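One structure is given below, encoded as structure tokens.
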Amino acid sequence: MSPTQWDFPVELCCRPMAFVTLTGLDVTYNAVHRAIWDAFCANRRADRVPISFKVLPGDHEYPKCRTKRTSYEWYIPKGILKTGWMNKHLNLVPALVVVFYELDWDEAQWKEKQSECATRVEIVRQSLQGRNTKVAVVLIQKKTPLPPGEDLIASERAAALCNACDLSGKSLFVLPHTDHLVGYIIRLENAFYEHAQTYYYTEIRRIKSHKEFLNKTTHQLLFVRHQFKIAFFSELKQDTQNALKNYRTAYNLVHELRSHETNMLEIKTMAGFINYKICRLCFQHNTPLDAIAQFRKHIDLCKKKIGSAELSFEHAAWMSKQFQAFGDLFDEAIKLGLTAIQTQNPGFYYQQAAYYAQERKHLASLLCHHDLSVAYPSPDPLETPNGVLDFYGQRAWRQGILSFDLSDPEKEKAGILALQLKERDVIHSELIISLLSNAVAQFKKYKCPRMKSHLMVQMGEEYYYAKDYTKALKLLDYVMVDYRSERWWTLLTSILSTALKCAYLMAQLKDYITYSLELLGRASTLKDDQKSRIEKNLIMVLMNESPDPEPECDASTVKLAQRLWADRVSLAGSNMFTIEVQDFVPFVQCKAKFLAPSFHVDNPVELYVYLKTDCPHPIRFSKLCVGFSNQEYNQFCVVEEQYQSSDILQQSAQGTMCLVPGKTRKFTFKFVAKTEDVGKKIEITSVDLILGSETGRCVILNWRGGGGDAASAQEAVQAARSFKRRPMLPDTEVHWDSIIIQASTMIISRVPKVSVQLRHEPPALNNEMYCLMITIQSQEDAVIRDVKLTAGLKPGQDANLTQKTLVTLQGTEICDDSSPALLTDIPIGNLQPGEKLDMPLYIRCSTVGTRVFLVYVSYLIDTSVDGKDIVCRCHRDETVTIETVYPFDVAVKFVSIKQFEHLDRVYTDIPFLLMADILSASPWALTILSSQLQLSSFVTPVDELESHVENVVLQTGESASECFCLHCPPMASPQSGVATGSYIISWKRSSAVDNVPVVKTVVTLPHVMVESIPLHIRADLPSFGRVRESLPVKYHLQNKTNLVQDIEIAVEPSDAFMFSGLKQIRLQILPGTQQEMLYNFYPLMAGYQQLPSLNINVLRFPNFTSHMLKRFLPTHVFVKPQGRRVDDDSIEAA
């Protein structure tokens, strides 16, 4: 039998659609007919009715209808379902035949055309004789018809045409060939669909009417057949709910049939067909759980119906197909919007299909292993007269025979032999691989990595059995990564064994060596004798000899492989293989470590490389070399040993490169770092261990970095977590788990033997030349050369600090903005042993805050390391944090002359005082050398400006004050606020030496409001009075305008004074002149007393109130008590 025997027929798997044939269309030569046909078939959208159209000639012969049976009394069915029945009703027997005819209502030759149309319809009816197929006529017209009832001629001729063709009015249609052709076609389709529905409904009724003639004894098969046909017609009618219901009934009836080896296949075949239909409709109805439940029920009912034991592989093939078909249905439903989950997806069904395909392969190998001398039976028992079976699931050599007794045992044996020989030719691996591939794709889609890896292993093994070793290795290599990372050592060993066989059979040298290395390692679960065999083969390959065949390999493939290996030996190709062992687990472990994370350049760099083997026997390596990031060091870390290739497995106590299984071998390397690598990191980039020799084959085992393989990281974690006590080892040995890889080290400069001391007096004061004294003293035993000093602000701080910090070595002048923040590589020269050098560094900080300063001294010195002379550059750096503060706080304010009251504004030509208070904020004594007032053009001094704080020494918290009398001359244009100038203080630390420059601090004076007033008044009075003694007070009123001022003055009395003078007066003051008024006040009470106040009203300036003038007048005066006079009068009075 062909391998496609188990595939479901196409007509079962497709979606059943009503079959309608179109006649009378010449789609080849008639453009109009072609356009009509394209409108029916081209670009059909999902919303159009489900109809399958086919163009046939008018005289096409449809399948003949069998004579209708009037009774089933003596009828014995020969099978359940004929193989051609579904196809017949899908593609051969139409539900409706449509006759297209070009005829307009106004046709001149109407009678002739009508007769011709009726003849065509009659021909169609004759070809459909005995069938209930509907017939319809479509008139192709050139003009658009009028609405119904308006065209009387059309109505009459339509009725006449229906009578001539024996049609009902619902079966006659008009198709105008206009621009709206597709719209008319869609309306026609809907009408055709209704006719087809009627046809299938009639067919269902007809089949149901047969039930009353059937009996359960002899017509069991007919019950199944009729139920299936009803369900199928329901599908054609698009009544899927009734179709599902009838399929379920048919499925139950199938399993009620009496089964035997002779009809088991037919029962299973029909059960599979009906199950497929049920599951498909369940998915279509969006009830996937019902589909899954039905399929599980189906499998449970059928999995034990094996049939003939000699053909049991057929049952496995059938089971495989059931799972595959359900997987396809599930996947199709998902593509249409169904949501699957990780634990329920099509992958599981494809996996089971693959499992039964593997079972089929196994059974076929047991049952179909006939000798080549066994010939295929003749005549062929599998041949049928028409090339196909009459009924699904029956045997070709006994079609239609329902008896359980075999009438011809010999023919039965011949048929079974033919099936077995056919099965032997089936390429099972292709079927298995295809199913596994589908399953892998599903598990990958639903993120099931372990299932995916498991099935990929099976795919690789199937490729191996199919002798496609390249694809097998590709798949196995892919999954090995996962099994290594998850430490499935048993599974990995099995996969490696298969991969080793593939590599052997292809004579792939590098792959064969790689897999052998890992199978000999600690991850391999092979027994020692198997490892010994692999190790022996590996050595043979390295000696340029052919290895022994791997066990369980096919004899024919082994012979071919031996020829390939012989060619490999004879061909002069590349005999050196580099194998990256980082990603697998070889039989050699490597760990490299520097003894320290850093080395001084004047000390040799020491490195240990540890090696350990896990193979059964001691093995010799020829070379060990370590690669570094600076390749110039590679030459110092090489161990090489020459030996004969035949001695590779000979243990030698003298051999440095002979490794004993389970023993850790340590190799020590030492080299002197280059001075230009100071400050750089030296990394181990690779460790190469060479097995074999150049005369044979040479394998370079390459570890990236400091060693380790795919299992090392996990082993290190387990060792760190383990509480197991390690056994005591001799001092010469070390525990492998205790070795930690140290793959990099830093080369640092030689330890400097020079002292750097910094002396200063913090904090630094803003803008001063702050002295930082640097003392450098050599403590070396030899002369140090090329001493250089770098000093200043440490890089990496705020950019604003860099701009506001200046350093210099010259402290006699204030450094300007051209000075840098960091002085680099200041040459100092040579220093003798013990020599000391002092260098002052002057720092000027123009902003306050904290700064970090760096002092860096470097020098050269000659030294020797391991007998090698080198010149070392040593350096010593010191940092110091210096805070900069303001030296003092300066407070400046404007006050009135009389009362020293704070002024928020001043008046033109009226003097006022500028008060400056200097408060020392320095922890050190400050000497103020001088002060200077620089006034703007808006302010002039009343007298000479002299400093009152020259050479004043201020301790912490002390203050010095001075004042200046100023006035504002009249301005050409009035301004609200004017600049008054600046106040400059020249100062230095009291402890500073004489040559330290003086610091000048400039304080910007505040702006002041300047206003003009029409009248100014001032008072002359003594500084104090005495009770009962006259206190003369003179008031000066000055007119500040160019106008004559009318003034009203009234004196308000005070309880503390009597006074004499004008109490109320009105007077005039000429422009620019002043008027004097004299009063004698007589104090009555002692103390700080309020003076009588003057209320002045300037009549020309009503807004200028007396309150504004009062600020110029004293309001109080201190009155002393009356003195006692010791005389006679006073005694008498007492």
In the stretch 835-851, the residues that are open to solvent by less than 40 Å² (accessible area, probe 1.4 Å) and of a type in the set (Val, Ile, Thr): ILE843
Extreme residue, surrounded by the most Cβ atoms within 10 Å (Cβ to Cβ), among residues of the stretch 504-542 that are over 20 Å from CYS590 (Cα atoms) and among the basic types (Lys, Arg): LYS531
Residue match in the stretch 1034-1054 (condition: touching a helix residue (DSSP H, G or I) at 6+ places or on another chain (Cβ under 7 Å) and within 23 Å of VAL895 (Cβ to Cβ)): no
Some residue of the stretch 482-490 being crowded, with 17+ Cβ neighbours inside 10 Å, modelled with pLDDT of 90 or more and of a type in the set (Ser, Thr, Tyr): no
Residues satisfying the stated conditions in the stretch 17-33, i.e. within 18 Å of CYS117 (Cα to Cα), touching a residue at least 40 places away in the same chain (Cβ under 8 Å) and either polar (S, T, N, Q) or open to solvent by 10 Å² or more (accessible area, probe 1.4 Å) (or both): THR21, THR23, GLY24, LEU25, HIS33
Qualifying positions in the stretch 350-398 - hydroxyl-bearing (Ser, Thr, Tyr) and open to solvent by less than 40 Å² (accessible area, probe 1.4 Å): TYR350, THR384, TYR392
Pairs where the first residue, in the stretch 34-58, is open to solvent by 50 Å² or more (accessible area, probe 1.4 Å) and the second is not basic (Lys, Arg) and not in a strand (DSSP E or B), C-beta under 9 Å, 6+ apart: ARG34/LEU25; ARG34/ASP26; ARG34/VAL27; ARG34/THR28; ASP38/VAL27; LYS54/ASN91; LYS54/PRO94; PRO57/GLY24
Residue tally, condition of a type in the set (D, E, K, R) and either outside any helix (DSSP H, G or I) or open to solvent by less than 30 Å² (accessible area, probe 1.4 Å) (or both), over the stretch 73-128: 7
Matching residues, the stretch 458-493, being under 21 Å from GLY521 (Cα atoms) and of a type in the set (A, V, I, L, M): LEU473, LEU476, VAL479, MET480, VAL481, LEU491, LEU492
The stretch 166-190, residues that are open to solvent by less than 40 Å² (accessible area, probe 1.4 Å), part of a helix (DSSP H, G or I) and in contact (Cβ under 8 Å) with a residue 40 or more places away in the chain: LEU181, ILE185, LEU188, GLU189
Filter result (part of a helix (DSSP H, G or I), touching a residue at least 24 places away in the same chain (Cβ under 8 Å) and acidic (Asp, Glu)) within the stretch 665-717: ASP677
Test: residue in the stretch 251-272 that is at pLDDT below 95, buried (at least 19 other Cβ atoms within 10 Å of the Cβ) and not in a helix (DSSP H, G or I): yes
Among (1) more than 16 Å from LEU431 (Cα to Cα); (2) open to solvent by less than 40 Å² (accessible area, probe 1.4 Å), the one test that GLY327 misses: (1)
Test: residue in the stretch 917-924 that is surrounded by fewer than 17 Cβ atoms within 10 Å (Cβ to Cβ) and in a strand (DSSP E or B): yes
Every residue from the stretch 944-976 that is under 18 Å from TYR907 (Cα atoms) and either surrounded by 12 or more Cβ atoms within 10 Å (Cβ to Cβ) or not polar (S, T, N, Q) (or both): PHE964, CYS965, LEU966, HIS967, CYS968, PRO969, PRO970, MET971, ALA972, PRO974, GLN975
Unmet requirement for THR980, which otherwise passes all of (1) under 60 Å from the mean Cα position of the chain (by Cα); (2) closer than 17 Å to ASP909 by Cα; (3) hydroxyl-bearing (Ser, Thr, Tyr): (1)
Filter pass, LYS666 being of a type in the set (D, E, K, R), at pLDDT 75 or above and farther than 30 Å from MET480 by Cα: yes
Qualifying positions in the stretch 814-834 - open to solvent by 50 Å² or more (accessible area, probe 1.4 Å) and touching a residue at least 12 places away in the same chain (Cβ under 8 Å): ILE814, PRO820, THR824, ASP825, PRO827, ASN830, GLN832, PRO833
Filter result (open to solvent by less than 50 Å² (accessible area, probe 1.4 Å) and either part of a helix (DSSP H, G or I) or modelled with pLDDT of 85 or more (or both)) within the stretch 399-417: GLU412, ALA414, GLY415, ILE416, LEU417
Total residues in the stretch 741-760, condition part of a strand (DSSP E or B), under 27 Å from ASP869 (Cα atoms) and within 47 Å of the chain's Cα centre (by Cα): 5
Of all residues making up the stretch 1103-1113, the number that are modelled with pLDDT of 75 or more and open to solvent by 20 Å² or more (accessible area, probe 1.4 Å): 1
Which numbered condition THR847 misses (of (1) part of a loop (DSSP other than H, G, I, E, B); (2) among the β-branched types (Val, Ile, Thr); (3) more than 50 Å from the chain's Cα centre (by Cα)): (3)
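Conditions (1) under 21 Å from GLU461 (Cβ atoms); (2) in contact with a His (Cβ under 7 Å, 6 or more places away or on another chain), marked per residue:
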| position | (1), (2) |
| --- | --- |
| TYR356 | yes, no |
| ARG360 | yes, yes |
| SER378 | no, no |
| GLU383 | no, no |
| GLY393 | no, no |
| ALA396 | no, no |
| LYS413 | no, no |
| LEU419 | no, no |
| VAL426 | yes, no |
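The values are calculated or read from the model by the stated rules, or taken from the named source; none is laboratory data. Bear in mind the structure is a predicted one, so any value in this text is a computation, not a measurement. Because the Cβ atoms are built from the backbone with ideal geometry, glycine has one as well, and the counts that use them run over all protein chains shown. Heads up: the accessible areas ignore ligands, DNA and RNA and are worked out on the full protein's heavy atoms, side chains in. Shrake-Rupley method; radii C 1.70, N 1.55, O 1.52, S 1.80 Å.
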